[in-house]
Amino acid sequence: MKLVKSCIAMTLCSLLSAPTFAADKASEKTQEQQDVIDFYGKLNISLQASEEKGESFNELKSNASRVGVKGKYELDHDLTAIYKLEWQVNVNDDSKDTLTARNQWVGVRGGFGEVTVGRSDTTLKVSQGKFDLFNDYEADLKHLFIGENRVADSITYKSPVFNNLQLLTSYIISDDIEADDPYSIGVFFGDLNLKKTDFFLSVAHDENMPVKFKPVDSGESSRTEALANTRVTGMYKFGDLRLGAMFVDTEVVNTGKSETGYAANASYKIGKLLAKVQYQEFSGADSISVGADYKLGKNTKVYAWFTDREGNQVTSNDDGIDYILATKGQYFAFGMEQKDRKSVV
């Protein structure tokens, strides 16, 4: 953790000193060939009222607030070095160590596409694009769907975009020498941010991806299973109206047991207000959420949402232990999100 803090401190120092020579460096390059460093952050803090297992309580949530730095440097042979270092900031944690690792990788970009190595979201996770209208909240897809993985020891390839079509793959080097290495592959059509196109469609698949299941009884040990996941995602924007749908299929590799699920959502923009609703179902559990975001400025918004989630659990065929897939509860929150970004050329 001291190393992480030192890295952030050095990054801040470099950003403060960089402008003194950035102009001279930029003059030596064309506008299309510039070295760029982006320092960015996001604070998303909410007051949340929760009801779980018959108990009601209030809490302050950090909602995956984060800080990071990313950059690119022009190399010889029409290549570009790229990197990203990102940490989650847990402002609601009472301990002093409030940073946890998120995506952290380095790579090379060129006419062939892009290759990165390090800690990354799997292709299947990336394939959702901006589908999840309640990302980082209690209605986040990860609370019901299995497969929202960010993994270390990952080698990721992104092909160039051709006629709005792109191929992504992730290969993960397993720490278990007896297990098959996991991989993730996907095909994207359209813009996952819905900015360059009004549509987005993706098909992605994980194989041999290890997932840890939490037991109902805290005295029991957790269980790790290798899973195969398939996910199909679609989004379309009709002016201020945006619609989305997702289908998932999850199979336990060792037993062949599988479960399917789906999600659907809609949002509508009315001036500075964005109203949204999302429904999700998987393996007997479901979740419905409604909410609204209101823009106070380019990088600032306030919001409120409500989520009602039905939980479930499964029993392992091997040890007879019940494992939690989703926790039942009702949640209401209102909060504020502030983003910031500083670019040094």
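Within region 112-151, report the chymotrypsin sites (Phe, Trp or Tyr not before Pro) that DSSP leaves as loop and that have at most 14 other Cβ atoms within 10 Å. Of the chymotrypsin sites (Phe, Trp or Tyr not before Pro), the ones in loops of region 112-151 whose Cβ has at most 14 other Cβ atoms within 10 Å are F112.
What is the sum of charges around G244, taking Lys and Arg as +1, Asp and Glu as -1, for the other residues whose C-beta is under 14 Å from the C-beta of G244? Could you put the intermediate results ahead of the total?
Numbers: positive: K130, R231, K237, R242, K276; negative: D132, D191, D198.
Local charge sum for G244: +2.
Across region 241-256, rounded Karplus estimates of 3J(HN,Hα) from the backbone phi angles (6.51 cos²θ - 1.76 cosθ + 1.60, θ = phi - 60°) give 9, 10, 10, x, 8, 9, 10, 10, 9, 10, 10, 7, 4, 5, 9, x Hz, Gly and Pro being marked x. Its alpha carbons considered, region 94-217 gives a radius of gyration followed by a Dmax of 16.0, 53 Å. Rounded to 0.05, the FRET efficiency of the Y73 and D180 pair, given R0 = 25 Å and the Cβ-Cβ distance, is 0.10.
Residues whose amide H lies under 5 Å from that of D35, counting only those 5 or more places away or on a different chain, are E74; hydrogens are built 1.01 Å from N in the peptide plane. Equivalent ellipsoid of region 36-126: semi-axes from √(5λ) of the C-alpha gyration tensor, largest first, are 37, 15, 10 Å.
Past 30 Å, Cα to Cα: identify those pairs from K42/K276; K72/K214; K212/K339; K42/K195, in the order given.
Working: K42/K276 21 Å; K72/K214 40 Å; K212/K339 32 Å; K42/K195 21 Å.
Beyond 30 Å between Cα atoms: K72/K214; K212/K339.
Applying 1/(1 + (r/R0)^6) with r as the Cβ-Cβ distance of A152 and F306 and R0 = 45 angstrom yields a FRET efficiency of 0.80.
Express in % the proportion of alpha carbon pairs of region 221-345 at distances exceeding 26 Å. The proportion of pairs with Cα distances above 26 Å equals 42 percent.
Computed over neighbours whose Cβ is under 12 Å from that of N265, the net charge equals +2, Lys and Arg +1, Asp and Glu -1. In this structure, K196 and V117 have a Cβ-Cβ separation that, at R0 = 30 Å, corresponds to a calculated FRET efficiency of about 0.65. Per residue, the Cα convex hull of region 84-149 amounts to 119 Å³.
With a simple spin-label model that places each label point 7 Å from the Cα along the Cα-to-Cβ direction, the separation between V161 and E55 comes to 4.7 nm.
Here the scattering of region 181-260 is modelled by Debye summation over its C-alpha atoms, one equal scatterer each and no solvent; at q = 0.15 Å⁻¹ the log10 of I(q)/I(0) is -0.68. Projecting label points 7 angstrom from Cα along Cα→Cβ for L47 and T98 puts them 1.8 nm apart.
Sequentially through region 274-283, phi angles give Karplus couplings (6.51, -1.76, 1.60; θ = phi - 60°) of 10, 8, 8, 9, 8, 10, 9, 9, 7, 6 Hz, Gly and Pro residues having no value and appearing as x.
Here the spin labels are modelled as points 7 Å beyond Cα on the Cα-Cβ line, and at I270 and V108 they lie 5.4 nm apart.
We did not get these values from a lab; they are worked out from the coordinates using the rules stated. The shown structure was predicted, so the numbers you read here are calculated from the model rather than taken from an experiment. Because the Cβ atoms are built from the backbone with ideal geometry, glycine has one as well, and the counts that use them run over all protein chains shown.
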